[in-house]
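Read the structure below first, then the notes.
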Amino acid sequence: MAEAIQIQKASAPAIPLTQRLPQTKGWKELVRDIWDDNPTFRMILAMCPTMGATNMAINGMAQGLATLIATVASSATVAALRTIIPAEVRLPAYMIIIAFWVTIVDIFLRAYLPPLSAALGPYVPLIITNCFVLGRAEAFASQNSPGLSALDALGVGLGFTMSLTLLGIVRELLGFGSLFGIQIFSGWTPWVIMIIPAGAFLLVGLYVGIVKHFSPGGQIGGGA
Amino acid sequence: MAQQPKKKKLIGPHEWRMVIVLTAIAAIAGGLLALVNEVTKATIEANAKSRLRSSILIAAGLYTAEELFPAEGLPKLSAAQVDQYFKEHIQEIKADSFTYWKVYKDKIGGELMAYVIRIAGSGFQGLVAMQVALKPDLSEILGAHVVPFEIGETPGLGFRMTEEQFWSQFKGMKTEPRIEFIKFRDPNSPKASNQFDAITGATYTSTTVRDLLNQTIAKLRKIIQKEQK
């Protein structure tokens with residue numbers, strides 16, 4: 001048995017990692033959540049932080065990463081406790097778990113990354129009400145193993161981070177003439193509309209259109 | 001009543017399980033949060049205190065904003081060094097829910113260099129706050145500084161009060177008879193020494209800064225007059 005595993009391991013490099021990896025279940029979940037079910041541009045979920053926390057690339061990225069950490073931790077916890085939690089009280093139990101992890105992320109940001117925490121303002125605590133965090137817990141983590149649930153959450157989190165960073169990049173370029181805080185255009189007249197949430201509405205619409213154009217399959221739409 | 005339904009227990013083992021599991025999850029989560037809060041509390045408070053102290057040093061003209069709040073890299077003074085400087089040169093005074101700072105040239109009790117006040121209040125959508133250093137006779141502003149992280153105003157509009165271009169204009173401003181703001185300040189106008197340039201599109205923020213400045217300086221003046229009597 002051990003020998004067989006040895007042989008398998010030894011022969012594994014023959015198939016390149018790039019070909020083997022796409023066959024795994026975890027990978028498929030990951031890719032589906034990043035692209036096909038992208039929370040922002042596909043499902044149109046979590047619009048509140050999308051509008052509120054993307055006026056600079058770094059803010060969008062930080063908001064996405066904070067959500068990613070909270071989602072992965074919550075999904076893994078929910079999956080680990082899925083057999084213990086009675087079905088009738090699963091939603092309050094999920095909410096407590098999510099609120100717990102989001103508060104942990106918020107406290108750590110305030111303690112160790114105060115400038116970022118101040119820039120994101122109330123949007124970090126608001127991750128608790130972010131619908132796809134509870135959505136992943138209810139739709140996926142409650143029926144799968146902690147490892148797979150964490151991968152699923154990672155995919156959604158990465159998709160969300162990517163979308164928010166893309167929005168942040170365009171809004172910061174047009175609104176401030178800079179990128180990740182580095183001035184790109186000198187003497188740029190800021191587009192105030194890109195700095196305020198209205199600019200995010202326009203951009204999200206544009207991005208949804210672009211994604212739909214290049215990848216027409218799948219459905220668009222979801223919740224608030 | 002032909003059929004007496006079998007009396008079902010209101011709380012059976014299944015219901016007990018729900019109560020116990022939910023209570024246990026809440027208790028564990030609450031306990032862990034309390035623990036994390038306890039561990040990080042000191043750091044969070046120290047961060048805020050250190051920012052305020054650095055800002056006071058900048059307002060008093062002892063350091064530049066670039067030195068203590070650099071856009072990249074570490075500040076020139078560590079938190080401990082800022083505290084040390086405070087111990088030697090700056091006295092914090094609390095008088096009826098109002099705090100101000102006395103900045104001394106060489107050592108506490110020596111030659112008084114400046115008074116520093118913190119003006120703070122609610123602006124258009126969040127906190128508006130600024131540290132202001134005044135001459136010992138309170139007639140003139142020596143300098144000002146805004147801690148960017150704590151301002152809650154609209155990005156691109158009121159938030160521009162965190163830019164050096166805004167807060168640096170208070171340097172040399174006369175506090176008597178009162179400070180006003182104007183659009184397109186003319187340096188040659190006789191009133192220019194009492195005026196600062198408002199932020200375009202953020203009249204509310206400018207108004208808040210003006211009112212807080214006048215009120216807080218008046219308050220400090222009263223306290224100092226009382227002290228000297």
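Laboratory data are not the source of any read-out in this text; all were calculated from the coordinates shown. Small disclaimer: the values here were computed from a predicted structure and weren't measured. Note that each Cβ is placed from the backbone with ideal geometry, even for glycine, and that neighbours are counted across all protein chains shown.
By the count of neighbouring beta-carbon atoms within 10 Å, fewest first, A:Ile97, B:Ile199 end up ordered B:Ile199, A:Ile97. Peptide B:22-29 is shielded by partner chain Cβ atoms: per residue, an average of 5 of them sit within 10 Å of its Cβ. Given a Förster distance of 41 angstrom, what is the FRET efficiency for B:Leu32 paired with B:Lys94, based on the Cβ-Cβ distance and rounded to 0.05? Rounded to the nearest 0.05, the efficiency is 0.70. Bridging of A:Lys25 to lysines at a Cα separation below 29 Å is possible for A:Lys9, A:Lys212, once same-chain residues fewer than 8 apart are set aside. Can you tell me the 0 to 90 degree angle between the C-alpha axis of helix A:57-80 and the longest principal axis of chain A, rounded to 10? Around 30 degrees separate the two axes. Two numbers describe the Cα atoms of segment A:25-168: Rg and Dmax, which are 14.3, 43 Å.
Between the exposed loop cleavage positions of chain B, defined as GluC sites (Glu not before Pro) in a non-H, G, I, E, B DSSP state with at most 15 neighbouring beta-carbon atoms within 10 angstrom, the longest gap is B:1-71.
Please give every one of the lysines within straight-line cross-link reach of B:Lys219, meaning a C-alpha to C-alpha distance under 25 Å, and leave out same-chain neighbours fewer than 8 residues apart. Straight-line reach from B:Lys219, under 25 Å: B:Lys49, B:Lys94, B:Lys102, B:Lys105, B:Lys135, B:Lys171, B:Lys174, B:Lys191, B:Lys229. Taking 19 Å as the straight-line reach from the Cα of B:Lys41, the aspartates and glutamates in range (excluding those fewer than 8 positions away in the same chain) are A:Asp106, B:Asp83, B:Glu150.
Centroid-to-centroid, using Cα positions, segment B:6-73 and segment B:159-228 are 36 Å apart.
Shown for chain B are the DSSP H helices of 20 Å or more along their axis, judged by Cα atoms, with a mean Kyte-Doolittle hydropathy of at least -0.5: B:13-59.
For segment B:74-150, the dipole from Cβ point charges (+1 on Lys and Arg, -1 on Asp and Glu) about the Cα centre works out to 100 debye, to the nearest 20. Output needed: percent of Cα pairs per 10 Å distance bin for segment B:89-228, bins running from 0 to the one holding the longest distance. P(r) for segment B:89-228, in whole percents per bin: 12, 42, 33, 12, 1.
Once the mean of 1/r is taken over each pair of separate Cα atoms and inverted, the protein assembly as shown shows a Kirkwood hydrodynamic radius of 25.9 Å.
Listed from fewest to most Cβ neighbours within 10 Å, the set B:His145, A:His213 follows the order A:His213, B:His145.
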